[in-house]
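To start, the structure under review is shown below, and the notes come after it.
The values are calculated or read from the model by the stated rules, or taken from the named source; none is laboratory data. Every value quoted in this text rests on a predicted model; they were computed, and no experiment measured them. Every residue, glycine among them, receives a Cβ derived from its backbone with ideal geometry; neighbour counts consider all protein chains shown. Areas reflect the complete protein model, heavy atoms only, side chains present, ligands, DNA and RNA absent. Shrake-Rupley method; radii C 1.70, N 1.55, O 1.52, S 1.80 Å.
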Amino acid sequence: MARDTEGLQPGVPAVFERAVRSLTSAQFRAEVRLEQTPAPKRLAPHTHALSADVFVDEADEDATATGRLVLLYDPAGQEAWHGEFRLVTYLRASLEPEMGADPLLLAVGWTWITDSLAGRSAPYTAASGTVTRVASEGFGGMAGELASAEIEIRASWTPLEPDLTAHALAWGDALTTAAGLVPLPAGVVAMPPTRRRRSR
């Protein structure tokens, strides 16, 4: 798990180092498996990225939802950001075909981001993004394949404070909501699964 700032280059600004530390110190639900991942270098002078997989059941071989969160920092700021920091995320989750066909799905998917930020009292501005549904159905020789559906969410927003713990937790909430997990009440910690993962 990514829990420190060891991946940062020497000489990074102290404000960025503190922001990364607050981002990576957030405690996620047991279903969320977090790791540090290479960050894109061309979007800002300083970047840091996390990725996560959500396993609804300990015995699952495949993640129900996956996500990536990238922190961007430009000391000079960028006009579109309305600030020096920017958080960018990509979420993808498997859905039941019936849910994937819901005409309200795209609007609901966007609220997974905004409601999670509001629920964690994470102040932000200039949010933007897209929500896409992906449906698949077999035909001809593949007619026996099960229909499938996925949702993809791309979003970005500007945090209004350098402590990003609440923003990281909100991202985790959006991920677990997309995976179909019931949100935990504030202050409640999820019990770890009691079953052992199957050996591969």
- Item | Tally, over the stretch 25-67, of residues that are in contact with a strand residue (DSSP E or B) (Cβ under 7 Å, 6 or more places away or on another chain) and surrounded by fewer than 17 Cβ atoms within 10 Å (Cβ to Cβ) | 8
- Item | helices (runs of 4 or more DSSP H) contained entirely in the stretch 85-182, each with at least 3 residues that are more than 15 Å from the chain's Cα centre (by Cα) | 97-100, 105-119
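Residue by residue, here is whether (1) modelled with pLDDT of 95 or more; (2) surrounded by 19 or more Cβ atoms within 10 Å (Cβ to Cβ) holds:
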| residue | (1), (2) |
| --- | --- |
| S128 | yes, no |
| S136 | no, no |
| A143 | no, no |
| L146 | no, no |
| T158 | yes, yes |
- Which one of the conditions (1) open to solvent by 60 Å² or more (accessible area, probe 1.4 Å); (2) in contact with a helix residue (DSSP H, G or I) (Cβ under 7 Å, 6 or more places away or on another chain) does D115 fail to meet, given that it meets all the rest? (2)
- Task: Could you grab me the full set of residues in the stretch 38-55 that are over 13 Å from the mean Cα position of the chain (by Cα) and part of a strand (DSSP E or B)?
- Result: H46, T47, H48
- Query: Considering only residues of the stretch 1-28 that are modelled with pLDDT of 90 or more and of a type in the set (K, R), which is nearest to P75 (Cα to Cα)?
  - Reply: R18
- Query: Restricting attention to the stretch 68-84, and to residues there that are open to solvent by less than 70 Å² (accessible area, probe 1.4 Å) and under 30 Å from F55 (Cβ atoms), which single residue is farthest from the chain's Cα centre (by Cα)?
  - Reply: L72
